[in-house]
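So the structure is just underneath, and the comments pick up after that.
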Amino acid sequence: MRKTFIINLALLLFLNLLVKPFWIFGIDVSVQNAVGEHAYGFYFSLLSFSVMLNILLDLGIENYNKRNIAQNHQLLSKHVSNVIALKLILSVAYFAISVLFAIIIGWEFDKLKLLFVLLINQALSSFVLYFRSNISGLQLFRTDSLISVVDRLLMIVFCSFLLWGNITDSKFQIEWFVYAQTAAYFITALIAFFVVYSKCEFIKLRFDRSFFIVFLKQSYPYALLILIMACFNRIDPVFLDRLLPDSIGSHQAGIYAQGFRFLEAATMFGYLFGGLLIPMFSKMIKQNEPLGQLVQLSFLLLAVPAIIIAIVSGLYRNEVFELFYPNHDPVSPLIFAILMVGFIFISTGTYIFGSLLTANGSMKPLNIIAGSALIINIILNLILVPKHMALGSAISSLTTQIFFAVSQLILVIRTFKFQTNFKLIGLLVLFTSGVGGLGMICKEYINNWIVGLFLVVTLSFFLAIVIRLINLKALYQIVKSKDEN
């Protein structure tokens, strides 16, 4: 299973490194620069709102289905026929409840119009993720890897024409960005559907009430977890928009979005780990296979780059923002640095320990931890946003992520009876200190910051190999060996 994980992870990373960085830093940044912080902040607060409520589209179906199909392939045809019908019903409920909440919190008609299209995008994205959960549950990881980049690749093509193709004399509008996403999600959903269709004996829509009830009873703990996590990951811009005066709130949400964009880019790769690990852990748990080696391997493969990224982001925060946002707010680089520290805890906590606990079905304690994290996030936002605005939201986000990650680690140790690896902890402390030292030396003595940054990253990975946090020989032997599964 370790060989399967490494090979498919390598494919996933390769494809996503080809596509998603350009989407985020080439297209998304260009869109914000084209429309301005106020217009993008307007869009970003609506997007965050639509993401928070999109659990109504899923109700835990994706994660439960990924785990269930990985353990019971024979259920695919029956489940697809029923779940597609269920998700259509959930989509209607999602639209109705989202619009109602938007009206209650006082959003004007202009915001509601754009929100409606964003709700369509979330519905299409939810169908893509559901179809992909079947594909990965069937252990078709390479196919899933290819589909994982289709939507972003299409968005790059569409937005490139709109931004630089001179196909219109009008100034780029944020609405065009949203419409391009709609087209890309729709095409991707069709592709993913036909892949699943090819693996089914039949697909016929079934509005089976008894199936819906049983299925939702089994998936609702997953739904609750996703809802809570979506809230404390995405609620910050909504607080900025609602707790501050209109003109200030949208501007501060735009400032927060600048730093959050980098965090979102990094967590995309953490999400790839989780997407691979949940079905793998599920199958191993069912077959009573030892988990320790895969947990440690995946942890180190994600923790090492996460530490490097966080430290480099802090050291070169001003230079990075000058490159991407020439007219940025003075506080923006600090917000970016704080959010990127959170990446360490998001990547290891949510995508490694959280994936293991989800595969094990440990949903009740996970939900208790997530609920506690949400309460912490809300309290901190209410205290910090009125005074510190976007900076306060960044501090709230980091504090929440630290609490959530540490709590999940403790739960994993207790649930699986893992022994504390003091040697590994010592190596991680040594590595973190070494990366920090290398970074400060390079920043002090190398005038060209891009060269300095590249050198820090290169030397840091070399340090990880030297102290054997990353064991190249062991990785080579795993890939070369016959996969035990």
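Since every read-out is calculated from the coordinates, none of them should be taken as a lab result. For clarity, every value in this text was computed on a predicted model and none was experimentally measured. Cβ coordinates were reconstructed from backbone atoms using ideal geometry, including for glycine residues, and neighbour counts include every protein chain displayed.
Return an integer: the convex hull volume of the alpha-carbon atoms of the chain, in Å³ per residue.
Hull volume over Cα atoms, normalised by residue count, gives 152 Å³.
Please sort 407-418, 249-260 by packing, taking for each peptide the average over its residues of neighbouring beta carbons within 10 angstrom, highest first.
Per-residue mean Cβ counts within 10 Å order the peptides as 249-260, 407-418.
Could you calculate the FRET efficiency of LEU323 with VAL429 from 1/(1 + (r/R0)^6), where r is the beta carbon distance between them and R0 is 30 Å, rounded to 0.05?
0.45
Can you give the extra length, in nm with one decimal, that the chain gains between ILE413 and ILE450 once fully stretched, where that is 0.36 nm per residue apart less the Cα-Cα distance?
Additional length available on full extension: 9.3 nm.
Any idea what the relative contact order of the chain is, in percent, if you count C-alpha pairs under 8 Å spaced at least 6 apart? Don't skip to the end; give the middle numbers.
Numbers: 605 pairs, mean separation 105.0, N = 485.
The normalised contact order for the chain reaches 22 percent.
Can you sort LYS364, LYS171 by how many other beta carbons sit within 10 Å, fewest first? If you can, show how the numbers build up before the last one.
On the way: LYS364 11, LYS171 7.
Exposure proxy ranking, most exposed first: LYS171, LYS364.
How big is D, in µm² s⁻¹, for the range 322-432 by Stokes-Einstein at 37 °C and 0.692 mPa s if Rh is the Kirkwood radius over C-alpha pairs?
208 µm²/s
Hey, how many Å between the Cα centroid of the range 153-209 and the Cα centroid of the range 422-457?
Spelled out, the Cα-based centre of one part sits 41 Å from the other.
For the range 133-290, how big is the tail of P(r) above 26 Å, as a whole percent of Cα pairs?
Result: 51 percent of Cα pairs exceed 26 Å.
In whole angstrom, note down how far apart the Cα centers of the range 327-383 and the range 110-128 are.
Rounded to whole Å, the Cα centres lie 25 Å apart.
Sort 107-114, 313-320, 18-25 by the packing proxy (mean of other Cβ within 10 Å over each peptide's residues), most packed first. If you can, show how the numbers build up before the last one.
Working: 107-114: 13.0, 313-320: 19.4, 18-25: 16.5.
Those peptides, ordered most packed to least, come out 313-320, 18-25, 107-114.
Going by C-beta contacts inside 10 Å, put PHE269, PHE193 in order with the fewest on the left.
Placing the least packed residue first, the sequence is PHE193, PHE269.
Take peptides 441-447, 295-301 and line them up by average Cβ neighbours within 10 Å, highest first, as a rough protection proxy.
Put in order of decreasing packing, that is 295-301, 441-447.
Can you figure out the FRET efficiency of VAL117 with ASN421, using R₀ = 35 Å and their beta-carbon distance, to the nearest 0.05?
It comes out at approximately 0.10.
Under 18 Å between alpha carbons, and skipping anything fewer than 8 positions from LYS283 in its own chain: which aspartates and glutamates qualify?
Hits, sequence-local ones excluded: GLU62, ASP144, ASP483, GLU484.
Going Cα to Cα from LYS111, which aspartates and glutamates come in below 17 Å? Please leave out same-chain ones fewer than 8 positions away.
Excluding near neighbours in sequence, the set is GLU37, GLU175, ASP241, ASP246.
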